[in-house]
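To keep things clear, I will list the structure first and then write my remarks on it.
The values are calculated or read from the model by the stated rules, or taken from the named source; none is laboratory data. The structure displayed is predicted, hence computed values, not measured ones. Counting neighbours? That spans all protein chains shown, and the Cβs are built from the backbone with ideal geometry, glycine included.
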Amino acid sequence: MYLTQEEERIYDGEYGWANQICMKILVRLGELFNATRLIPISSAHVAGVSYKTLGDAPAEFLQALAKADGKAKVRATLNPQSFDPEYLSRRLPKGICEKQLNILKQFEKMGFTRSLTCTPYYLEKPKRDSHLAWAESSAVVYANSVLGAWTNREGGPSALAAAIIGKTPDYGMHRAENRQPNILVDVKTSLRNESEFGALGIYLGKILEDKIPVIQGLNDVSEVKLKQLGAALATTGMVNMFYYKNTNIKANGIEKINVEAEDIKRTIENLPTASTEPDLVFVGCPHCSLNEIKQIANLIGNKKIRDDVEFWVCTSRYIKKKARKHVEKIEESGGHVLADTCAVVTWTDKLGIKIIMTNSAKTAYYAPTLNKAKTILAPLKKCLKTVLKG
Ligand code: F3S
């Protein structure tokens, strides 16, 4: 891989250990995927911030990097952590909260923004055609497919290294020839809500592997539905991008598959679904936008949340602040708007939660393993019907 003279000097350690180790991570990755050079990025987004998913060893690596003066050279944002300081920190063991805070401290020392969200594009929308190094899979698919930015699906260490060097190896989704669609998906059924868009993603993720689909036949497409579709595609597969508009491409020479109503129905039935009442109703995977919070507040109206079920709406601190009026309404009804975290990356099991109802197919898929909880996948309106009194 070609390196400029300055990159060579970083590689040789002239700019200190933190820069050297990050450069070595990027060069190793680039060589593995036949990149020819490093290219500048406009932002990096690091996943694996929650102490629950990160554990102790990576936390020590972060501490070493921060101590060696590692500093982010570009805008660098962080995925959700394992609790919010207002509500969950009071309910979780003090020891694990302290470990989490220490992780955040290291990131902050290195100049990372305390964004703590999986929807960094609501804080600052990346420019069309800009190159990024993002590690949150749902955000990667959204950035490539909806926002028209260019990013690979980074791992935690490579996004961290890219933030500190300000560059990423030029391979995969950074190259135009790798962004061409190679399979046509014809959706033969009308998807009724965001949960069914998610179910389509779960179904396709399993069969598409890392292909780039053109998805035809999507009705009533909205950003929320595309967000759910992308998050779920990345949950069960390695899809990093899909096309959904101007999809009049010829099917000649390109593989074609149909998706029928039965495929969506079976996908939902095959999720590890509970048949009893939930302990928690969770909305906000991926983190809610301002519009979603407004919609939730409007749907709640003057009603109250049931006393025997918790209701969480997860979002970024930035959006929570912007949505203050709607947040107050949700909280007055008895719900909780949690910033910085989500039900999957916190310890719901330690809170005694055994059944989670959600409108997110991604959560419905992961929670049985990561939260030791059964799940119920249902659209927002049904989630609210379940959790509201009367
Ligand atoms: Fe975000 Fe948590 Fe879902 S990090 S994508 S809300 S699992």
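Summary table
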| read-out | value |
| --- | --- |
| Matching residues in the stretch 324-367 - criterion: being more than 10 Å from the ligand (Cβ to nearest atom), closer than 29 Å to residue 302 by Cβ and either assigned by TED's automatic domain parsing to the domain that holds residue 230 or out of contact with any Asp or Glu (no Cβ under 9 Å at 6 or more places or on another chain) (or both) | 324, 325, 326, 327, 328, 329, 330, 331, 332, 333 |
| Residue pairs meeting the criteria (Cβ under 6 Å; at least 6 apart or on separate chains; first in contact (Cβ under 8 Å) with a residue 40 or more places away in the chain and within 10 Å of the ligand (Cβ to nearest atom), in the stretch 134-147; second of a type in the set (Gly, Ala, Ser) and assigned to a loop (DSSP other than H, G, I, E, B)) | 136/47 |
| Selection status of residue 375, more than 10 Å from the ligand (Cβ to nearest atom), surrounded by 18 or more Cβ atoms within 10 Å (Cβ to Cβ), hydroxyl-bearing (Ser, Thr, Tyr) and not in a helix (DSSP H, G or I) | yes |
| Check on residue 231, within 16 Å of the ligand (Cβ to nearest atom) and either in contact (Cβ under 8 Å) with a residue 12 or more places away in the chain or not in a helix (DSSP H, G or I) (or both) | yes |
| Qualifying positions in the stretch 29-74 - closer than 13 Å to residue 159 by Cα and either touching an Asp or Glu at 6+ places or on another chain (Cβ under 7 Å) or among the hydroxyl-bearing types (Ser, Thr, Tyr) (or both) | 42, 43, 45, 47 |
| Single match in 363, 346 (criterion: assigned to a loop (DSSP other than H, G, I, E, B) and under 30 Å from residue 124 (Cβ atoms)) | 346 |
| Lone qualifier among 320, 294 - being within 16 Å of the ligand (Cβ to nearest atom), within 26 Å of residue 230 (Cα to Cα), assigned to a helix (DSSP H, G or I) and in the same structural domain as residue 378 (by TED's automatic domain parsing) | 320 |
| One residue from 40, 58, 80 being modelled with pLDDT under 95 and of a type outside the set (Asp, Glu) | 58 |
| Count of the stretch 217-228 residues which are buried (at least 20 other Cβ atoms within 10 Å of the Cβ) and without any contact (Cβ under 8 Å) to a residue 40 or more places away in the chain | 1 |
| The stretch 349-360, residues that are within 19 Å of residue 200 (Cβ to Cβ) and not in a strand (DSSP E or B) | 359, 360 |
| Scope the stretch 158-191; condition charged (D, E, K, R) and more than 29 Å from residue 379 (Cβ to Cβ); matching residues | 167, 170, 175, 177, 179 |
| Which listed residue is more than 16 Å from the ligand (Cβ to nearest atom) and over 30 Å from residue 211 (Cβ atoms), from 65, 104, 88 | 65 |
| Pick from the stretch 317-348, criterion in contact with a Cys (Cβ under 7 Å, 6 or more places away or on another chain) and of a type in the set (Val, Ile, Thr), ranking: farthest from residue 205 (Cα to Cα) | 319 |
